[in-house]
Amino acid sequence: MSMQITDVDVLVTSPGRNYVIVRIETAGGLVGWGDATLNGRELAVRSYLQDHLAPLLLGRDASRIGDIWSYLYKGAYWRRGPVTMTSISGIDQALWDILGKAAGMPVFQLLGGRARDRLMAYPHASGLTVEASIASVAARLEEGYRAVRVQAAVPGLLTTYGIHRGGGSYEPAKSSLPEEEAWDTPAYLDFVPKLLAAVRNELGFGFNLLHDVHHRLSPTEAGALGRSLEPSRLYWMEDATPAEDQSAFALVRAHTTTPLAVGEVFNSIWDCQQLITSRSIDYIRCATTHTGGITHMRRVLALAELYGVRSGLHGPSDVSPVGMAANVHLDLAIPNFGVQEFMGYPEATAEVFTTSYRLVGGHLEIDDDVPGLGVDVDLDAASRYPYDRKYLPVNRLLDGSVHDW
Ligand code: KDG
Ligand code: MG
């Protein structure tokens, strides 16, 4: 069967939120799908793919995945960055999908086969009050989850990351121009230990509890917070300080035994190198979609394994079901799996995407007999949901200065 690439298409669709999807076709008639969604910057990725990568791929052998990866990465001269790496990721996922289909095997088999039967997933729980947040965690436990991330509205602030004011599910990129949120570090630092202690008081310690700081603190503040959260025995404290300052995490680490997770805004192994090799973190959280695809993520995860760092791959609604499938195949095959984030999707997403993985109770399971990534994309349904410009919010301190969001 000819593996020559004959077509590369990029589709931007918005069934409830925007997704950028790559479709690659070979002369032998195989079709591969990849996710290249970059929340709030979708059209930049589409252009990078359509205008700069597609012409380089036509006529190449789709099975030379590693070579194509290096050609696109090293050949650009301009390395790394979210737009470049998300674009390469979309191509890479589609090529693994094609290889699996050519072999008649799911991608996790090509990666070494199942290392576990199912994946522990964690969803989001939140509320406007401590009581509502506890109820939200309890509802998730009722659904069968063994790990839950909890956030709650900080008293005195009009908006808080992770909370939907009007009820319903939280979606951060919601307006056609960025909404501005207000942030007060002292109020947050005072409130969060009480929130997590209340959750443990009410619901006990028989499940994994996670919290996302979303890059808001200095290393000293984060160290102090981590220490005050120790009695609540978190599974992890996420993104405690802005992620690009790798050495900051050693400082946080020195002050607390609360496990640390970071990486959702990273896009290459170089972003994680120091964090992993200095053992400053416990969980690495890159998304396969933003970190160069399966080819690059498996290197990140292999490096992490060497230093006892486990996976907690990013799985918000802005990683499409295709990108989530790539996460799931990797999670299934690696030795150092920790947990998989699964935020869930807007309802209309299911009209466009079908997957061979599914949520059963609080775990992700995947079929053994569906080759490739096991995803399908309905192009007619996708065309009913055109691109809809949406931005993530911007954050300001109470004095008006821009702060990390
Ligand atoms: O696009 C931004 C979201 O992916 C991010 O806010 C979600 O922090 C997040 C998480 O942990 O899922
Ligand atoms: Mg996060």
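Values for this structure:
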quantity	calculated
Cross-chain or 6+ apart pairs with Cβ under 6 Å, the stretch 392-405 first and of a type in the set (Val, Ile, Thr), then assigned to a strand (DSSP E or B)	394/180; 402/396
Any hit, the stretch 202-219, residues being without any contact (Cβ under 8 Å) to a residue 60 or more places away in the chain, surrounded by 15 or more Cβ atoms within 10 Å (Cβ to Cβ) and more than 16 Å from ligand 1 (Cβ to nearest atom)	yes
Residues (among the hydroxyl-bearing types (Ser, Thr, Tyr) and modelled with pLDDT under 95) located in the stretch 141-173	159, 160, 161, 169, 170
Residue 286 outside any strand (DSSP E or B), within 16 Å of ligand 1 (Cβ to nearest atom) and either without any contact (Cβ under 8 Å) to a residue 40 or more places away in the chain or surrounded by fewer than 22 Cβ atoms within 10 Å (Cβ to Cβ) (or both)	yes
Answer residue from the stretch 68-94, given it is more than 23 Å from the chain's Cα centre (by Cα) and over 15 Å from residue 299 (Cβ atoms) and is surrounded by the most Cβ atoms within 10 Å (Cβ to Cβ) among those	68
Selection count where residues are within 16 Å of ligand 1 (Cβ to nearest atom) and farther than 17 Å from residue 145 by Cα, scope the stretch 315-330	10
Number of the exception - residue 109 against (1) closer than 21 Å to residue 333 by Cβ; (2) within 22 Å of the chain's Cα centre (by Cα); (3) more than 16 Å from ligand 1 (Cβ to nearest atom)	(2)
Residue that is within 16 Å of ligand 2 (Cβ to nearest atom) and free of Cβ contacts under 8 Å to residues at least 40 places away in the same chain, where the choices are 147, 125, 173	125
Which numbered condition residue 309 misses (of (1) within 16 Å of ligand 1 (Cβ to nearest atom); (2) crowded, with 24+ Cβ neighbours inside 10 Å)	(1)
Residue count, the stretch 289-313 (criterion: touching a strand residue (DSSP E or B) at 6+ places or on another chain (Cβ under 6 Å) and in contact (Cβ under 8 Å) with a residue 40 or more places away in the chain)	2
Top-ranked residue of the stretch 233-264 - restricted to ones that are buried (at least 21 other Cβ atoms within 10 Å of the Cβ) and more than 16 Å from ligand 1 (Cβ to nearest atom), ranked as nearest to residue 199 (Cα to Cα)	258
Breaking point among (1) surrounded by fewer than 17 Cβ atoms within 10 Å (Cβ to Cβ); (2) more than 16 Å from ligand 1 (Cβ to nearest atom), for residue 195	(1)
Lone qualifier among 244, 264 - being within 16 Å of ligand 2 (Cβ to nearest atom), within 15 Å of residue 210 (Cβ to Cβ) and in a loop (DSSP other than H, G, I, E, B)	264
Failed item in (1) within 16 Å of ligand 2 (Cβ to nearest atom); (2) closer than 14 Å to residue 133 by Cα, with residue 194 passing the rest	(1)
Scope the stretch 312-338; condition within 16 Å of ligand 2 (Cβ to nearest atom), part of a loop (DSSP other than H, G, I, E, B) and not small (Gly, Ala, Ser); matching residues	313, 314, 316, 318, 319
Residue count for the stretch 34-63, restricted to those that are in a loop (DSSP other than H, G, I, E, B), polar (S, T, N, Q), in contact with a strand residue (DSSP E or B) (Cβ under 8 Å, 6 or more places away or on another chain) and away from ligand 2 (no atom under 16 Å from the Cβ)	0
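The values are calculated or read from the model by the stated rules, or taken from the named source; none is laboratory data. The shown structure was predicted, so the numbers you read here are calculated from the model rather than taken from an experiment. Neighbour counts run over all protein chains shown; Cβ positions are idealised from the backbone, glycine included.
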